[in-house]
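Have a look at the structure below before the remarks.
The values are calculated or read from the model by the stated rules, or taken from the named source; none is laboratory data. Predicted model only: the values in this text are computed from it and were never measured. Counting neighbours? That spans all protein chains shown, and the Cβs are built from the backbone with ideal geometry, glycine included. In case anyone asks, the SASA skips ligands and DNA or RNA and just uses the protein heavy atoms, side chains included. Shrake-Rupley method; radii C 1.70, N 1.55, O 1.52, S 1.80 Å.
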Amino acid sequence: MADGVRAIPAADWDACAGGDNPFVSHAFLSALEESGSVSSRAGWQPIPILVDGADGHPAAIAPAYAKSHSQGEYVFDHAWADAWERAGGRYYPKLQIASPFSPVPGPRLLLRDPALAPALIGAIETVVRQNNLSSAHATFVAAEQVPLFEAAGWLIRSDRQFHWANHGYRSFDDFFAALASRKRKAIRKERAAAVAGLEIVHLTGAALTEAHWDAFWHFYQDTGARKWGRPYLTRAFFSLLGERMADKVLLILALRDGRPIAGALNLIGADALYGRYWGAAEEVPFLHFELCYYQAIDAAIARNLTRVEAGAQGDHKLARGYEPVATWSAHFIPDAGFRRAVADYLDAERRAVAQEIDVLAEMGPFKRG
């Protein structure tokens, strides 16, 4: 284990993480630490787990955190914690393999040498056992890595999100034409109402300034206070994001008379646009849909990206062209009795989620036949 992501050279970390998913990059995870958004005091103690290669440099890394609560994960295990503690156990601290506060599917085993995946999973299990932790949880695991955890005997859990898929569209109008006429009419009305009297701007790279982050921080605080009680991220995090990852950031702002009144923050991956945070200083009907969903589609098409991942939850995304997809997590529970109880629950839950995805897919806004 290392004492945080910052203790590992960025070149070594990113050689394992690759460049496809910004949420597991050294820049993103170290910014969370340096800004104080992630710390033992916040209940996220960073303890990345490493396996070295023959050259003495890390060849496999798990972005791991000792958690003293279950906040900021978006895969809810509060009922598990309650059941374990009512039985006399101690659920916290637990081990979380994740990108904090980011319900974004991606690699949770960062592998410069893919052959070391079993060794890395074994190292995670050793940390759990040696420290008498209740469990380990790898959340929002990339679909291609789920079999690695399954082969190691971890329990697999499923949920669903809504992602927009670029089926070869060259413009928003191409996407629009694929929708049923009734849905096109509804979206056209929404978009017109949302932008009336406003200017929409897309900012990335050198165009981002501290003034933009000040405005977005105000929006983020308002949304965070309403959803979580207090925001997870500090103001300093956004400055570090702009300093270190500006070319991976797309900030979409709505301006009234030149003044920002709402914004949506996205990160740009190798083949996806990831919608993360949104907020507004004014209540404008449908502006959330415009900035977070329709403008994101425009941006993804312009960048030839294959999809937009719009974050956790939100059945309202379905009517706006976002389709249901499965997400996955993996769970290591050493106690045999507790494991059996959780396994039975997950078997039923996976079936229910699969059925729900099938039903939701049939309710989408696209033309039939």
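Quick notes on this one:
- Less than 5 angstrom separates the built amide H of Ala262 from those of Ala254, Ala281, all sequence-distant by 5 or more or on a different chain.
- Of all DSSP bridge pairs formed entirely within the chain, close to 90 percent run antiparallel.
- Dipole magnitude of region 231-330, debye to nearest 20 (Cβ charges: Lys/Arg +1, Asp/Glu -1, about Cα centre): 200 debye
- Heavy atoms of Arg256: accessible area, 1.4 Å probe, square angstrom to 10: 70 Å²
- Mean shadow area of region 74-144, taken as a quarter of the surface of its Cα convex hull (nm²): 5.4 nm²
- Vicinal HN-Hα couplings computed from phi for region 172-181 (Karplus, 6.51 cos²θ - 1.76 cosθ + 1.60; Hz; Gly/Pro x): 4, 4, 4, 4, 4, 5, 7, 8, 5, 4
- Remark: the chain carries 43 Å² of accessible area per residue (probe radius 1.4 Å; ligands, DNA and RNA excluded).
- Rel. contact order, % - alpha carbon contacts under 8 angstrom, at least six apart, region 1-62: 37 percent
- Among Trp164, Ser181, Ala236 the positive-end extreme of the charge dipole of region 132-259 (Cβ point charges): Ser181
- A simple spin-label model places the labels of Asp3 and Ala361 5.0 nm from each other, with each point 7 Å out along Cα-to-Cβ.
- Relative to the Cα centre, the charge distribution of region 137-209, modelled as +1 at Lys and Arg Cβ and -1 at Asp and Glu Cβ, gives a dipole magnitude of about 560 debye.
- Taking the Cα centre of region 126-179 as reference, the dipole from Cβ charges on Lys and Arg (+1) and Asp and Glu (-1) amounts to some 240 debye.
- GNM top mover of Ala42, Ala352, Ala336 - the chain, alpha-carbon springs below 10 Å: Ala336
- Simple spin-label estimate for Arg303 and His316 in nanometres, 7 Å along Cα-Cβ: 2.4 nm
- Estimated FRET transfer efficiency when R0 is 22 angstrom, pair Ala343-Ala79 (beta carbons, to 0.05): 0.90
- Unit charges at the beta carbon, dipole of region 1-50: most positive-side option, Ser40, Gly18, Met1: Ser40
- Taking all protein chains as they are arranged and a probe of 1.4 Å, the heavy atoms of Ile200 leave approximately 40 Å² accessible to solvent.
- Surface share of carbon and sulfur [accessible, 1.4 angstrom probe, percent] for region 36-164: 52 percent
- Surrounding net charge for His57, when Lys and Arg each add one and Asp and Glu each subtract one, Cβ distance under 15 Å: -4
- Residue (of Thr139, Tyr92, Ala117) at the positive-pole extreme of region 16-150, dipole from beta-carbon charges: Tyr92
- Among the listed pairs Lys248/Lys317; Lys185/Lys248; Lys189/Lys317; Lys94/Lys248, those with a Cα-Cα distance over 27 Å are Lys185/Lys248; Lys94/Lys248.
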